[in-house]
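Take a look at the structure below.
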Amino acid sequence: QVQLVESGGGLVQAGGSLSLSCDASGRPISNYAMGWFRQVPGLPREFVSFINWNGDSTNYAVSVKGRFTISRDNSKNTLYLQMNSLKPEDTAVYYCNARRYISRSVYSNDYWGQGTQVTVSS
């Protein structure tokens, strides 16, 4: 199993930037597809971004496309989310996610971090 710990959240004004990190331990993340999700009170957890095992494929929610950038450093066992042009509606708890690759189109169950709070003031 892999353990995930997010960091980098905080309070920022609208238009500002934050960089989130997800430190993984227990297993190398090179065999995991990873992503970021977020959740606000009273709403379901929402997909934000995805990155495959070597970073050559990424995907973003429409709401963050062009503003957020997902990346990974497998040598450091770390996932990143660079968030620019932040909006108040980006306020949420951001969670790191990992799915271990098993075979083509087959992955393990989801692994989650504890989340980090991002608050964007208006």
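In this calculation the C-beta distance from residue 62 to residue 1 is compared with R0 = 30 Å, giving a FRET efficiency of 0.40. Simple point charges give the picture: +1 on the Cβ of Lys and Arg, -1 on the Cβ of Asp and Glu, and for the chain a dipole about the Cα centre of about 240 debye. With 0.36 nm allotted per residue and the present C-alpha distance subtracted, the residue 71-residue 87 stretch has 3.7 nm of extension available. Per-peptide packing, taken as the mean over residues of other Cβ atoms within 10 Å, places 5-13, 93-101 in the sequence 93-101, 5-13 from highest down.
Averaging the Cα positions of each part gives two centres, and for the range 39-57 and the range 100-122 these lie 6 Å apart. Estimated translational diffusion coefficient (Stokes-Einstein, Kirkwood radius over Cα pairs, 20 °C, 1.002 mPa s) of the range 6-122: 150 µm² per second.
A straight chain from residue 54 to residue 39 at 0.36 nm per residue would run longer than the Cα-Cα distance by 2.8 nm. With every protein chain in place and a 1.4 angstrom probe, the accessible-area ranking of 53, 112, 36, largest first, reads 53, 112, 36.
The values are calculated or read from the model by the stated rules, or taken from the named source; none is laboratory data. It should be emphasised that the depicted structure is a prediction, and the values quoted were computed from it without experimental measurement. Heads up, the Cβs are rebuilt from the backbone with ideal geometry, glycines too, and the neighbour counts pull from every protein chain shown. What goes into the accessible areas is simple: the full protein's heavy atoms, side chains included, and nothing from ligands, DNA or RNA. Shrake-Rupley method; radii C 1.70, N 1.55, O 1.52, S 1.80 Å.
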